[in-house]
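Below is one structure, written out as structure tokens; comments come after it.
The values are calculated or read from the model by the stated rules, or taken from the named source; none is laboratory data. It should be emphasised that the depicted structure is a prediction, and the values quoted were computed from it without experimental measurement. Glycine also receives a Cβ, built like all others from the backbone with ideal geometry; neighbour counts cover every protein chain displayed.
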Amino acid sequence: MQARLQVALDAITLNGALNLIEKIQDDIDIVEVGTPLMMHYGMNAVEKLFQNFPKLPVLCDAKIMDAGNYEAGLAFDAGAEYVTVLALTDDLTIQGVTKAAHDRNKKVVVDLINVTDLNRIEKLEQFGVDVIAIHTGADAQAAGQTPLDDLKKIRPLVKKADLAVAGGIKTNTIEKYLKEKPEIIIVGGGILNQADSVAAAHKLHQAIQRG
């Protein structure tokens, strides 16, 4: 199955995000309201992207750590198709997010950021999560880390859920990630921070089609 391209809208204004998605919507599969965008605009960002681009599934990167059912419900009711919860949180919180998602026929993404015990993956799949995301955060990227080695280790461990990967992926590195066959490739700065964001999104889309 061909990978899907998810664009992470982080350090950008809401108007800037809407304008960008208008230009690149044919080259992406999922539009992510990144945590910084959500912190700035709240659920209004989810609502606006959902209303303006109804054919594109919206992911709200809420990084839920508590009150799982309630907080996930806020995002889903605003129009999100996916919401994220951190794998480090309590099992009950993850189960609450999963219930909120599946009660609405939506999807839950569990973010593995800073998880070192890979036995956690089997338990996450037992909860029925839809996507497991490998994530090297921005601060770790600044120190030179990438998610590629984690992807190679984790790909064989994920049996049921889709596997997503995020962390500094760009046009000149995407082929390395595609070789490991993740279902979702997440790109933020590799689109937003490029001199020509539209061209970058198109190149990433073409690489996925070839891959």
Report summary line: Those residues of segment 142-160 which are assigned to a loop (DSSP other than H, G, I, E, B), within 18 Å of the chain's Cα centre (by Cα) and of a type outside the set (K, R) amount to T146, P147, V158
Report summary line: Those residues of segment 7-34 which are among the β-branched types (V, I, T), crowded, with 17+ Cβ neighbours inside 10 Å and not in a strand (DSSP E or B) amount to I12, I21, I24, I28
Report task. Scan segment 121-131 for residues that are touching a helix residue (DSSP H, G or I) at 6+ places or on another chain (Cβ under 6 Å) and part of a strand (DSSP E or B) and report the count. Result -> 0
Query - In segment 166-188, the residues that are more than 23 Å from V110 (Cβ to Cβ) and either among the small types (G, A, S) or assigned to a loop (DSSP other than H, G, I, E, B) (or both) - result: K170, T171, N172, T173, K179
Query - Cβ-Cβ under 8 Å pairs, at least 6 apart or on other chains, segment 56-76 side at negative phi, far side surrounded by 23 or more Cβ atoms within 10 Å (Cβ to Cβ) and of a type in the set (F, W, Y) - result: P57/Y82; V58/Y82; L59/Y82; C60/Y82
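Residues checked against (1) of a type in the set (G, A, S); (2) free of Cβ contacts under 8 Å to residues at least 12 places away in the same chain; (3) buried (at least 16 other Cβ atoms within 10 Å of the Cβ):
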site	(1), (2), (3)
G144	yes, yes, no
D150	no, no, yes
L157	no, no, no
A161	yes, no, yes
V165	no, no, yes
G168	yes, no, yes
Y177	no, no, yes
P182	no, no, yes
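Sort through D196, D117 and tell me the only one that's of a type in the set (D, E) and over 25 Å from I21 (Cα atoms).
On the way: D196 fails: over 25 Å from I21 (Cα atoms).
Within the list D196, D117, the selection yields D117.
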Report task. Identify the single condition in (1) under 26 Å from E22 (Cα atoms); (2) in a loop (DSSP other than H, G, I, E, B); (3) of a type in the set (G, A, S); (4) more than 15 Å from the chain's Cα centre (by Cα) that A201 does not satisfy, given that it satisfies every other one. Result -> (2)
Report task. Say whether the condition of being of a type in the set (A, V, I, L, M, F, W, C), in contact with a strand residue (DSSP E or B) (Cβ under 8 Å, 6 or more places away or on another chain) and either within 17 Å of D61 (Cα to Cα) or modelled with pLDDT of 95 or more (or both) is met by at least one residue in segment 136-143. Result -> no
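Of all residues in segment 69-118 being among the acidic types (D, E) and outside any helix (DSSP H, G or I), which is nearest to the chain's Cα centre (by Cα)?
First, the residues of segment 69-118 that are among the acidic types (D, E): 71, 77, 81, 90-91, 103, 111, 117.
If we keep only those that are outside any helix (DSSP H, G or I) too, we end up with 81, 90, 111, 117.
Working: E81: 11, D90: 20, D111: 8, D117: 21 Å.
It comes out as D111.
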Query raised in the report: Has segment 72-79 got at least one residue that is closer than 22 Å to I113 by Cβ and out of contact with any helix residue (DSSP H, G or I) (no Cβ under 7 Å at 6 or more places or on another chain)?
Result: no
